[in-house]
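The values are calculated or read from the model by the stated rules, or taken from the named source; none is laboratory data. In this text, all values refer to a predicted model and were calculated from it rather than measured experimentally. Ideal geometry is used to build each Cβ from the backbone, glycine not excepted, and the neighbour counts take in all protein chains shown. For the accessible areas, the whole protein counts, side chains as well, though only heavy atoms, and no ligand, DNA or RNA atoms are used. Shrake-Rupley method; radii C 1.70, N 1.55, O 1.52, S 1.80 Å.
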Amino acid sequence: DAKTTQPNSMESNEEEPVHLPCNHSTISGTDYIHWYRQLPSQGPEYVIHGLTSNVNNRMASLAIAEDRKSSTLILHRATLRDAAVYYCILKEGAQKLVFGQGTRLTINP
Amino acid sequence: DSGVTQTPKHLITATGQRVTLRCSPRSGDLSVYWYQQSLDQGLQFLIQYYNGEERAKGNILERFSAQQFPDLHSELNLSSLELGDSALYFCASTGPNTEAFFGQGTRLTVV
């Protein structure tokens, strides 16, 4: 399983943008970059995924480096409900999701 | 609501006992995954089933087993329980080319 590296924790303020980085220098050409998050006492929740191009959805944006060795999850205006552990995962096709330690995001009011 | 249903939500049992955790995937999803999340560990992949057949196996103990039935629901059986088996157990399901949807989990406490 290809490995990702994320900071253990990050902190931001409410209503400010948050940029969550992820390094994946050993990514293969067929790996998609997936982001999931886990709110306290809940199961993980899909956030976004992409292959090469930047992606936007109602929850977040995903910026992928040109060489694909890193990516950044962007929450445009963080709310208290965005406090969670965010996981960056490389996944090929129908393979299982392999979770690392993720980044624990704290949002200050 | 993810559409994935896990029962029971909470389970307290004694060491040495056996329990069964149940997962109903989202309608139409053929793949079911089981994960274990302990306090000091992250989400550990246990096993995956696809349309009734085992597809992938992770760090699943020999005391644990799972199966997926013709109606696509899945059960995770944990036997000879030890204190260290206390954890949250999550089930997830996926369809073709869709993201994974996770249930709310079963919190198992072994006393």
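Rounded to the nearest 100 Å², what is the buried accessible area between A and B, both sides summed, probe 1.4 Å? Spell out each step's value before the answer.
Values: alone 6370 and 6170 Å², together 11320 Å².
By this definition, chains A and B bury close to 1200 Å².
Classify the protein assembly as shown: rounded, prolate or oblate, from the alpha-carbon gyration tensor (a ≥ b ≥ c, eigenvalue square roots; a/c under 1.5 rounded; otherwise prolate if a/b is larger than b/c)?
Numbers: a/c = 1.97, a/b = 1.52, b/c = 1.29.
Prolate is the answer for the protein assembly as shown, as a/c is 1.5 or above and a/b outweighs b/c.
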Cβ-defined net charge surrounding residue A:57, 15 Å radius [Lys, Arg +1; Asp, Glu -1]: 0
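Over chain B, average the accessible area per residue using a 1.4 Å probe and give it in Å², no decimals.
Numbers: 5550 Å² over 111 residues.
Normalised by residue count, the accessible surface of chain B is 50 Å².
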Accessible area of residue B:78 in the full protein assembly, 1.4 Å probe (Å², nearest 10): 0
Coarse-grained scattering of chain A at q = 0.16, 0.17, 0.18 Å⁻¹, given as base-10 log I(q)/I(0) from a Debye sum over alpha-carbon atoms: -0.65, -0.73, -0.82
Two-site FRET efficiency, residue B:60 against residue A:13, from Cβ-Cβ distance with R₀ of 45 Å, rounded to 0.05: 0.60
Area accessible to solvent at residue B:15, 1.4 Å probe radius, in Å²: 70
Fluctuation leader among B:66, B:14, B:92 - chain B, Gaussian network, Cα springs under 10 angstrom: B:14
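Report the longest stretch of chain A that contains none of the trypsin sites (Lys or Arg not before Pro) sitting in a DSSP loop with at most 13 other Cβ atoms within 10 Å.
Values: sites that count: A:3, A:58, A:69, A:77.
With trypsin sites (Lys or Arg not before Pro) excluded where exposed in loops, chain A gives A:4-57 as its longest stretch.
Over chain A, what is the mean sequence separation of C-alpha contacts under 8 Å (at least six apart), divided by residue count, expressed as relative contact order in percent?
Details: 267 pairs, mean separation 40.2, N = 109.
Worked out over chain A, it gives 37 percent.
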Non-local Lys pairs in the protein assembly as shown, i.e. 8 or more apart or on different chains, that have alpha carbons under 25 Å apart: 10
For segment B:78-111 and segment B:53-70, distance of Cα centres in Å: 12
Low-density loop positions, trypsin sites (Lys or Arg not before Pro), segment B:44-111 - DSSP coil, at most 16 other Cβ in 10 Å: B:63
Kirkwood-based Rg to Rh ratio, chain B, C-alpha trace: 0.95
Choice from A:39, A:90, A:20 with maximal GNM fluctuation in chain A (Cα, 10 Å cutoff): A:39
Chain A, accessible surface, carbon-and-sulfur percent (1.4 angstrom probe): 46
Exposure of residue B:69 as accessible area (Å², to 10), given a probe of 1.4 Å and all protein chains: 50
Separation of the residue B:18 and residue A:56 label points, Cα + 7 Å toward Cβ, nm: 5.5
Segment B:71-111 - Rg (one decimal) and Dmax (whole number), Cα, Å: 13.1, 41
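Working with all protein chains in place, sort B:27, B:2, A:61 by solvent-accessible area computed with a 1.4 Å probe, largest first. Working shown, then result.
Numbers: B:27 120, B:2 35, A:61 10 Å².
Descending accessible area places them as B:27, B:2, A:61.
Using only the heavy atoms of the protein chains and a 1.4 Å probe, how would A:55, B:32 rank by accessible area, largest first?
Details: A:55 40, B:32 0 Å².
Largest accessible area first, the residues go A:55, B:32.
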Highest-MSF residue in chain B out of B:59, B:97, B:77 [GNM, Cα springs under 10 Å]: B:97
